[in-house]
Amino acid sequence: GGRSKSKKGKGGGGGGRGGGGPFFGWAIDALRNIDDDELLRCVGLDSYMYLRFLRFGFRCSSFGTILGGVVLMPLYYTGGAAGPATEQFNSITLANVAEGSSARLWASVACWIVFVSFVLRELWTEWVHYADRRSDFLAVGDIDSDREYRYAILVENVPQEYRGDDALRGYFERLFPGKVRRVNVCLDTSRLDGMIAERQKLILRYEKADVARHCQPDAESEIRVGGMTPLSIGGEKVEALPYLGRELKKLNGKIDRERAALWRTAESWSLDPLRASQRAKEARGGSGSGSGVGDLLLSGKGKMSDIANGNR
């Protein structure tokens, strides 16, 4: 608090915009007053290192500008060369150095060595800083994510006899007594997801054909079935709406049977489909790493949302 007050006191002519002046005072105050630890806590490690990279670029470009403006440009301007290639902008470049002026050439080499050394030093400083912050991040984690996700593991290809919360928990409790906090079992619904996606495409085609029929009642809306569909070669032309309606009805039956099968599987595993849906969402949203046994154990992949919500 004391540091902030002292800096505000220096900027009395800033019109309340901060100690850096009336126009860019907010930016200068942000550079001066924001602590690195607080910045890391607010934005996360990735954004924090990106901001530090911008600072790194600013420092390198500023140092190069000062070195070139104070040392190189005066040396080049007084190089003593003559000719059209030394006029205007070229008068402050190496083109304006006369032949035989080895001292100025060696000055350019020395400035290059100084600049490269400065950049390498800054790179090393940033690397050491990143290594320390990365170690802290791996040990503490992101404050915005659930702590348990850093100690979660994914278990796949679970045998049939352990496909249940209680059975799977009992198995890991025997392996790691007292170290298992929670066990969640999810179902693989990728097949159901594919059917629902295919049905959505059929619905869009059906709606498109229906709109075309209403816009042009006298015109027959036909589609080609079979053959090389992408190239519209071969196959048979049929009326669009009846055909798509039949295909939708068939696919709805398949989806209902697949949903019922998954529902029976969930019940046989003593799972609540609503809870399984929430578990799948949490499993997809959380990630992390850590030591010890995971307190979130998952079986399979996919989601139960289409079963639990009754999407059709």
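The values are calculated or read from the model by the stated rules, or taken from the named source; none is laboratory data. Values in this document were obtained by computation on a predicted structure and should not be read as measured data. For neighbour counting, all protein chains shown are included, and Cβ atoms are generated from backbone atoms with ideal geometry for every residue, glycine included.
Does VAL128 meet the test of being crowded, with 17+ Cβ neighbours inside 10 Å and either assigned by TED's automatic domain parsing to the domain that holds PHE63 or part of a loop (DSSP other than H, G, I, E, B) (or both)?
Judged against the criteria, VAL128 is not a match.
Consider only pairs whose beta carbons are under 8 Å apart and that are at least six residues apart or on different chains; among these, list those whose first residue lies in segment 54-78 and is over 13 Å from CYS111 (Cα atoms) and whose second residue is in a helix (DSSP H, G or I) and of a type in the set (Asp, Glu).
Taking only residues 6 or more apart or on different chains, the pairs are PHE56/GLU122; PHE56/GLU126; ARG59/GLU122; CYS60/GLU122.
Find the residue count for segment 235-279, including only residues that are at pLDDT below 75 and either surrounded by 13 or more Cβ atoms within 10 Å (Cβ to Cβ) or outside any helix (DSSP H, G or I) (or both).
12
In segment 210-219, which residue that is of a type outside the set (Gly, Ala, Ser) and loosely packed, with under 10 Cβ neighbours inside 10 Å is modelled with the lowest pLDDT?
ASP218
If I go through segment 164-190 residue by residue, how many of them are in a helix (DSSP H, G or I) and surrounded by 13 or more Cβ atoms within 10 Å (Cβ to Cβ)? Talk me through it step by step, then tell me what you get.
Taking segment 164-190 as the starting set, the residues that turn out to be in a helix (DSSP H, G or I) are 165-175, 190.
Keeping just the survivors that are surrounded by 13 or more Cβ atoms within 10 Å (Cβ to Cβ) gives 165, 167-173.
Qualifying residue count, segment 164-190: 8.
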